[in-house]
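The values are calculated or read from the model by the stated rules, or taken from the named source; none is laboratory data. Since the model is a prediction, treat every value here as computed from it, not as a measurement. Please note: Cβ atoms are built from the backbone with ideal geometry, for glycine as well, and neighbour counts cover all protein chains shown.
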4 protein chains.
Amino acid sequence: MDERQIGSLRFQLDLSQPIYEQILQQMSSAVVRGEIALGEKIPSVRELAQALKVTPNTVMHAYQEMERSGLTETRRGQGTFITSSRERVEQFRSELADEVIDAFLQRMMALGYSLADIRKLLERRQGGGSR
Amino acid sequence: MDERQIGSLRFQLDLSQPIYEQILQQMSSAVVRGEIALGEKIPSVRELAQALKVTPNTVMHAYQEMERSGLTETRRGQGTFITSSRERVEQFRSELADEVIDAFLQRMMALGYSLADIRKLLERRQGGGSR
Amino acid sequence: MDERQIGSLRFQLDLSQPIYEQILQQMSSAVVRGEIALGEKIPSVRELAQALKVTPNTVMHAYQEMERSGLTETRRGQGTFITSSRERVEQFRSELADEVIDAFLQRMMALGYSLADIRKLLERRQGGGSR
Amino acid sequence: MDERQIGSLRFQLDLSQPIYEQILQQMSSAVVRGEIALGEKIPSVRELAQALKVTPNTVMHAYQEMERSGLTETRRGQGTFITSSRERVEQFRSELADEVIDAFLQRMMALGYSLADIRKLLERRQGGGSR
DNA sequence: GTGGTCTAGACCACG
DNA sequence: GTGGTCTAGACCACA
């Protein structure tokens, strides 16, 4: 598990998932959590690629996906910027959360856990406080 | 989204994931939910392959992964059977659930949701009805 | 790991190897260790198959291999008998041991263990007395 | 018995065992003996397949088993690499040796050889020179 | 009949 | 270029 810092951003990459997806997820999460301000510039493809020791192609892939989801805008010759629309970020966040929750519930129910079971399992986790 | 039935088993396959993984997941889920009895024979590689319209290789891949996880035993020349150890199935189920929950919580927290937030979102889903 | 007794013979069958090979090995070992007397009759194919809950084909396969190696003789209408030649049994035993030792040394040396290393590892095992 | 060289690696393949298993064993042995350095890249699936005149699938099968045992890591789009953990390799080696020794002793004792007998037979072999 | 190995070749995602 | 999945089919050992 490799961990790298660039500016205020921290990235943890491993081999279990496509690297571009990990960059995508971790960058999106940082935006959504407010760790990168609205309208702010994010590192250039080359810069980030170098910092993460990854080929520029990989970073580019992640950036393109972010742009497609409306989270970033590319300004010719200036670089890539987080959208300045708080609304859009919020929408992105809640839609993503919805998908994540859906997938989670579907998976758990496929394993035979009822909604009540799931609630219990989650409470146990919250009470335990480990992790 | 293709849906096929074989015996009491129902399979839904799509192109979003490797087919063998979908077979693996759906078969494991069926076992874990008790839809296939302990020690029971599951469809032969060829039989399931034909029913799902995939090559025997693909089904075999799934079956070998199931065996690796201890969920099935293969008896040469006879077929593939669910393990007769209830304990092993239970362990498989709870370990898998643990992983699913971990991944879920990690993902949600990366999006800036607190445990309390997550609980609220889930309750809203539960109140809203099944889906 | 299934364990079955028939007459003075004990068999342990599992799924890790071909069943006919396990029968072959365990029967041969019993002969070689003197647990079955020279010239003695061994169980009929059907009898053993029934006792081991295995198809007669499987037992037959094992018996044919034993006959091929000269350890048994089939007398028409009477059944299968251990050879009465002590010499032949002894030769079988030492040839087999030679092969087993060869394979063992070759495997260990492929893992980078010298003959001295191997001796040490074996002594440790003998001293420990566990197992 | 076919013998092929690729880089510093030598492979001997025959028909007595599954090819993928022979690749697995011989590659693992090479790693364990230090013939491939920790963290080093091993031949690509296609490269080795071509050198050994087998299909890429067969090599892949072997590589996936190696990864499962923790001996290698695969980096998407880059290739397959020996783990850089010396510890893991050592553990793999000693566990494997243990299994080999166990199986050997069990087999010999089934043939009626005592530990003392086995020691004698081995010493005779060692005195006699290398094979 | 069963699982398992293998071939020959295609196509994909990733870097 | 890399690993990985999949197809379509053959052939084998085993029960």
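Has segment B:43-57 got at least one residue that is in contact with a Ser or Thr (Cβ under 7 Å, 6 or more places away or on another chain), farther than 25 Å from D:Gln64 by Cα and of a type in the set (Asp, Glu)? Lay out the reasoning, then the answer.
The initial filter retains those residues of segment B:43-57 that are in contact with a Ser or Thr (Cβ under 7 Å, 6 or more places away or on another chain), namely B:49.
Restricting the remaining residues to those that are farther than 25 Å from D:Gln64 by Cα gives none.
No, every residue in segment B:43-57 fails to be in contact with a Ser or Thr (Cβ under 7 Å, 6 or more places away or on another chain), farther than 25 Å from D:Gln64 by Cα and of a type in the set (Asp, Glu).
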If a residue must be more than 19 Å from A:Met60 (Cα to Cα), assigned to a loop (DSSP other than H, G, I, E, B) and either within 13 Å of chain B (Cβ to nearest Cβ) or small (Gly, Ala, Ser) (or both), how many such residues does segment A:1-32 contain? 2
Members of segment A:35-45 found to be of a type in the set (Val, Ile, Thr) and either within 18 Å of A:Ser84 (Cα to Cα) or within 10 Å of DNA strand E (Cβ to nearest atom) (or both), listed by number: A:Ile36, A:Ile42
Go through B:Glu67, B:Glu35 for me and flag whichever is more than 14 Å from chain A (Cβ to nearest Cβ), more than 13 Å from DNA strand F (Cβ to nearest atom) and more than 30 Å from A:Arg33 (Cβ to Cβ). B:Glu67
Here the residues within segment B:36-45 that are surrounded by fewer than 15 Cβ atoms within 10 Å (Cβ to Cβ) and assigned to a loop (DSSP other than H, G, I, E, B) are B:Ala37, B:Leu38, B:Gly39, B:Glu40
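Is it the case, given these coordinates, that A:Gln64 is closer than 26 Å to B:Arg125 by Cα and of a type in the set (S, T, N, Q)?
Working: closer than 26 Å to B:Arg125 by Cα: no; of a type in the set (S, T, N, Q): yes.
In short, no.
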One residue from A:Leu121, A:Leu105 being in a helix (DSSP H, G or I), free of Cβ contacts under 8 Å to residues at least 24 places away in the same chain, more than 12 Å from B:Phe104 (Cα to Cα) and not assigned by TED's automatic domain parsing to the domain that holds A:Ser44: A:Leu121
Evaluate segment B:46-59: report whether one residue or more is surrounded by 13 or more Cβ atoms within 10 Å (Cβ to Cβ), more than 14 Å from chain A (Cβ to nearest Cβ), under 18 Å from C:Leu15 (Cα atoms) and within 14 Å of DNA strand E (Cβ to nearest atom). no
Going through C:Phe81, C:Phe92 one at a time, which residue ends up being part of a strand (DSSP E or B) and surrounded by 14 or more Cβ atoms within 10 Å (Cβ to Cβ)? C:Phe81
Going through segment A:47-78 in order, the residues found to be part of a helix (DSSP H, G or I) and free of Cβ contacts under 8 Å to residues at least 12 places away in the same chain are A:Ala49, A:Gln50, A:Pro56, A:Asn57, A:Gln64, A:Arg68
Could you tell me whether segment A:2-13 includes any residue that is buried (at least 18 other Cβ atoms within 10 Å of the Cβ) and of a type in the set (D, E, K, R)? no
Among the residues listed as A:Ala110, A:Ala62, the single one being more than 9 Å from every other protein chain (Cβ to nearest Cβ) and among the small types (Gly, Ala, Ser): A:Ala62
Which residues, counting only those in segment B:84-102, are farther than 21 Å from B:Lys41 by Cβ and either in the same structural domain as B:Ser29 (by TED's automatic domain parsing) or touching a residue at least 12 places away in the same chain (Cβ under 8 Å) (or both)? B:Leu96
Give me the residue from segment D:55-78 that is of a type in the set (Gly, Ala, Ser) and within 14 Å of the chain's Cα centre (by Cα) and, out of that set, modelled with the highest pLDDT. D:Ala62
Is it true that D:Gly112 is surrounded by fewer than 18 Cβ atoms within 10 Å (Cβ to Cβ), among the small types (Gly, Ala, Ser), more than 12 Å from DNA strand F (Cβ to nearest atom) and farther than 21 Å from C:Leu111 by Cβ? yes
Report whether or not B:Lys41 is on the phi > 0 side of the Ramachandran plot and of a type in the set (Lys, Arg). no
